[in-house]
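Step one of this worksheet: look at the structure below.
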Amino acid sequence: MNSLKLRRLWALLILGLVGRTVTLFGAAAGTCGFPAIYNFGDSNSDTGGISAALNAIQPPNGETFFGHPSGRACDGRLIIDFIGTSFRHGANFATGGSSIRPGGYSPFHLGIQVSQFIQFKSRTTDLFNRLRSHNRTAIPIKHIARPQEFSKALYTFDIGQNDLAYGYQHSSEEQVRASIPDILDTFCEAVQQLYKEGARYFWVHNTGPIGCLPYSILYNKSPENRDSSGCVKSQNTVSREFNRQLKSQLLKLRKKLPFARIVHVDMYSVKYLLITKAKSQGFVKNPVKFCCGSYYGYHIDCGKREVVNGTVYGNPCEDPSRQISWDGIHYSEAANSWIANHILDGSFSDPPLPVDKACQALRDA
């Protein structure tokens, strides 16, 4: 294979993954030493996918950490950024708006993301084998994922929120609740497909308290439908039911997939804990406050700015670090950092393992 063909193959390999890297944790003594992380999800863990594929995310997104837009719907880093790896050590297939089932906000549902991974694995393996068989090449082989690493990697998931959110906008809460078993059947099919591809270690986030998002609160004005934290009670009830059924399905998968090690992470509880402790943790307590965009009178998405009757809508707040919510839907970097610090040590995991020891999960735990 000549150098030109190798460069073309390399370009094809990375086209869909530019800007979608994560950061790998080191392999300390007694840890799993995962060689790579492959992530699947929605905007909660999208580090550039939807921005590259459809609509570029605009300033002031990215202002806190990167100083410019980085493809993330956030002022800085996401939870996945605190988990971490370089490009050779993983890829992020998450895209903003994605759902588990087809037909939601984004065309890149979980099934498409898994298909992208399978193509990535196939092309990477082919490229690695071609490079190894040629002594002279312009592409260092050390920058290519090794075929044997796919079965040793960690596979992370943060997806499902949009299945519920889209359902609320297009059907009743009763219909959303009734759709949960089918949503989770689709999720389990994706996990089993990855297992057939050699995946063995899974780190699964459940869905957060969607009723605590400022967007949800502002569009559900009934005071009778509020909990003690000011969140939409009925929506959080559905989120908890989703999570209850997810946990049950993961227990079944542990028994069905003999070599799988599956860790379930209770994102709902850690996010709700942050909301209830907001003031003591240095955040603004008001649950409807957020930093970028506007839902007050006029709906202005973060990254846009409009003047209506002399009032400017869309300017970001001066101190995003005091806000739990960045734009009414997505968490701020400060909140993501707080959440990451509370989940990565295993405090909210079942079994209670830190992320770097996820390979030690017992099959029947």
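The values are calculated or read from the model by the stated rules, or taken from the named source; none is laboratory data. Since the model is a prediction, treat every value here as computed from it, not as a measurement. Neighbour counts run over all protein chains shown; Cβ positions are idealised from the backbone, glycine included. We work out accessible area using only protein heavy atoms, side chains counted, and drop any ligands, DNA or RNA first. Shrake-Rupley method; radii C 1.70, N 1.55, O 1.52, S 1.80 Å.
Considering (1) touching a Phe, Trp or Tyr at 6+ places or on another chain (Cβ under 8 Å); (2) under 24 Å from Arg146 (Cβ atoms); (3) of a type in the set (Val, Ile, Thr), the lone condition that Thr95 does not fulfil carries the number (2). Of the set (1) at pLDDT below 95; (2) surrounded by fewer than 16 Cβ atoms within 10 Å (Cβ to Cβ), all apply to Thr21 but (2). Find the residue count for region 189-210, including only residues that are open to solvent by less than 10 Å² (accessible area, probe 1.4 Å) and touching a Lys or Arg at 6+ places or on another chain (Cβ under 8 Å). Adding up the residues that qualify gives 4. Selection over region 191-212 of residues that are more than 18 Å from Phe150 (Cβ to Cβ) and assigned to a helix (DSSP H, G or I) gives a count of 3.
Only one of the numbered conditions (1) touching a residue at least 40 places away in the same chain (Cβ under 8 Å); (2) closer than 19 Å to Ala153 by Cα; (3) assigned to a loop (DSSP other than H, G, I, E, B) is not met by Asp345, and that is (1). Restricting attention to region 73-102, the residues that are in contact with a helix residue (DSSP H, G or I) (Cβ under 8 Å, 6 or more places away or on another chain) and in a loop (DSSP other than H, G, I, E, B) total 16. When region 312-324 is filtered for residues that are within 19 Å of Tyr272 (Cα to Cα) and either under 16 Å from the mean Cα position of the chain (by Cα) or of a type in the set (A, V, I, L, M) (or both), only Ile324 remains. The set of residues in region 93-110 that are open to solvent by 30 Å² or more (accessible area, probe 1.4 Å) and under 15 Å from the mean Cα position of the chain (by Cα) comprises Phe108, His109. Screening Arg146 on (1) crowded, with 16+ Cβ neighbours inside 10 Å; (2) modelled with pLDDT of 95 or more; (3) under 23 Å from Phe40 (Cβ atoms); (4) not hydrophobic (A, V, I, L, M, F, W, C) shows it passes everything except condition (2).
When region 123-135 is examined, which residues are found to be open to solvent by less than 70 Å² (accessible area, probe 1.4 Å) and either assigned to a helix (DSSP H, G or I) or closer than 17 Å to Gly90 by Cα (or both)? Show your work before the answer.
Keep residues of region 123-135 that are open to solvent by less than 70 Å² (accessible area, probe 1.4 Å), which gives 124-129, 131, 134.
If the condition is that a residue be open to solvent by less than 70 Å² (accessible area, probe 1.4 Å) and either assigned to a helix (DSSP H, G or I) or closer than 17 Å to Gly90 by Cα (or both), then Thr124, Thr125, Asp126, Leu127, Phe128, Asn129, Leu131 are the ones that fit.
Using the structure shown, decide if Asn162 is open to solvent by 40 Å² or more (accessible area, probe 1.4 Å) and out of contact with any Cys (no Cβ under 7 Å at 6 or more places or on another chain). Judged against the criteria, Asn162 is not a match.
Can Ile210 be described as at negative phi and touching an Asp or Glu at 6+ places or on another chain (Cβ under 7 Å)? Quick ask: steps written out before the conclusion?
Values: at negative phi: yes; touching an Asp or Glu at 6+ places or on another chain (Cβ under 7 Å): no.
The answer is no for Ile210.
None of Arg72, Arg77 is basic (Lys, Arg), under 16 Å from Ser43 (Cβ atoms), in contact with a Gly (Cβ under 8 Å, 6 or more places away or on another chain) and crowded, with 16+ Cβ neighbours inside 10 Å except Arg72. Remark: pairs (first residue in region 216-244, among the hydroxyl-bearing types (Ser, Thr, Tyr); second residue open to solvent by 30 Å² or more (accessible area, probe 1.4 Å); Cβ separation under 7 Å; 6+ apart in sequence or on different chains) = Ser229/Thr276; Ser229/Pro287; Ser234/Glu173; Ser234/Asn225.
Working only within region 166-178, note down all residues that are assigned to a helix (DSSP H, G or I) and open to solvent by 20 Å² or more (accessible area, probe 1.4 Å). Don't jump to the end; show me each part of the working.
We begin by selecting, within region 166-178, every residue assigned to a helix (DSSP H, G or I); these are 166-170, 173-178.
The answer is Tyr166, Tyr168, Gln169, His170, Glu173, Glu174, Gln175, Arg177, Ala178.
Of all residues in region 211-234, those satisfying the criterion of being crowded, with 19+ Cβ neighbours inside 10 Å and touching a strand residue (DSSP E or B) at 6+ places or on another chain (Cβ under 9 Å) are Gly211, Cys212, Leu213, Pro214, Tyr215, Ser216, Ile217, Val232. The number of residues in region 266-290 that are in contact with a Gly (Cβ under 9 Å, 6 or more places away or on another chain) and not basic (Lys, Arg) comes to 9. Here is the figure for region 338-352: residues that are open to solvent by less than 30 Å² (accessible area, probe 1.4 Å) and more than 24 Å from Gly62 (Cα to Cα) total 3.
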